[in-house]
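Worksheet: one structure, shown below.
No lab work stands behind these numbers, since they all come straight from the coordinates. A quick note: this is a predicted structure, and the numbers were derived from the prediction, not measured. Positions of Cβ are backbone-derived with ideal geometry, glycine not excepted, and every protein chain shown enters the neighbour counts.
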């Protein structure tokens, strides 16, 4: 439903012209916008053209009575939230049970007291506006949740109150770190630091989406993303390399001319949501630890992978064997360096 206007719109439906005039005058004098309709058919046409904030609906009318109008409005998802107050003669009271069962919110008996009519109208207009504000606030909250969590994870959390942890067997985990960022922070004002970091993170987010990766989080100046986590990919390692090459080029083209180190590894991970006051969708496991170690081992402007991950990439790109390297917590591992394509640093996109 449309958000309420500053001047609430009220649809008045009555087959007697004088009643339309009297009710319309009372409402307009109180600052309401009045939409008159002389029949049930006209009322439905008016609602389709412009949604009102409230409907005053005559119960007994020829051709299409108020009950049928109410039923049609309440079975339509676009109009069911509009409050309906019935205008009824005292000898029609038995029909109100049916009217309330259909979704009417109130009634006014004819001949009516203007003060009573206005009091009931004001109450339900204010309630409708409050509901509209709540719906808008909920939408903003839902949208915000979807910027923090993947959409399907947000849906599961809202539907069940929790997210079932899951294990994924073949996921690419990428870490990209800005070289010299700590020293840069010591030499620049806070506003400039945050602005420059924002530019590079926004660029990395766009590149992650372009190459089928999903940003997990930033850790200081490090950017972490996954490939093949919830959307299967034929070769997550190759998606990561293509994204990493573009990250190296993008960071270099910024005014700060950042150099980055990228590490990646492919393997099993566990994913889930932690936290209650602040939700965090995250991944854990040895694959994550190895990807982080590869980022630490990478030279500025290059991508470092384990031998296990290199075997998934050797058919797509060139690599340089670094030999057996002592990796913290893992002992000696065979590592490979993947250089950005020469044209990448000149401003062309990697393939």
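Going by average Cβ neighbours within 10 Å, how do the peptides 32-44, 170-182 rank, with the highest at the top?
Descending packing order for the listed peptides: 170-182, 32-44.
Distance between the C-alpha centres of the range 61-100 and the range 174-208: 60 Å, rounded to the whole angstrom.
Every helix of 4 or more DSSP H residues in the chain counts as -39500 (n - 2.57), and over all residues that averages to -13000 deg cm²/dmol at 222 nm.
When a/c reaches 1.5 or more, the comparison of a/b and b/c decides; with that in mind, is the range 134-252 rounded, prolate or oblate per its Cα gyration tensor? Oblate shape, in that a/c is at least 1.5 and b/c is the bigger or equal ratio. From most to least packed by mean Cβ count within 10 Å, the peptides 227-237, 16-26 give 227-237, 16-26. Shape call for the range 163-338 from the C-alpha gyration tensor, a ≥ b ≥ c root eigenvalues: rounded (a/c under 1.5), prolate (a/b greater than b/c) or oblate? Here the range 163-338 falls in the oblate category. If r is the Cβ-Cβ distance from residue 18 to residue 139 and R0 is 51 Å, what FRET efficiency results, to the nearest 0.05? Computed FRET efficiency for residue 18 and residue 139: 0.75.
Expressed as a whole percent, the proportion of Cα-Cα pairs in the chain lying more than 36 Å apart is 48%.
Between the C-alpha center of the range 302-335 and that of the range 269-292 there is a gap of 23 Å.
The Cα center of the range 129-165 and the Cα center of the range 27-49 differ in position by 35 Å. Once the Cα atoms of helix 114-148 and of the chain are each reduced to a long axis, what angle between those two axes, in degrees from 0 to 90 to the nearest 10, is obtained? Once rounded, the angle reads 10 degrees. Spacing of the modelled spin labels on residue 156 and residue 118, each 7 Å from Cα toward Cβ, amounts to 5.6 nm.
For residue 282 and residue 191, what is the calculated FRET efficiency with R₀ set at 30 Å and r taken between the beta-carbons, to the nearest 0.05? Rounded to the nearest 0.05, the efficiency is 0.50. What's the angle, to the nearest 10 degrees (0 to 90), between helix 151-160's Cα axis and the longest principal axis of the chain? Taking the Cα atoms of the chain, the angle to 151-160 is about 60 degrees. Taking the 0 to 90 degree range and rounding to the nearest ten, how far is the long axis of helix 236-253 tilted relative to the main principal axis of the chain, both from C-alpha atoms? The answer is roughly 90 degrees.
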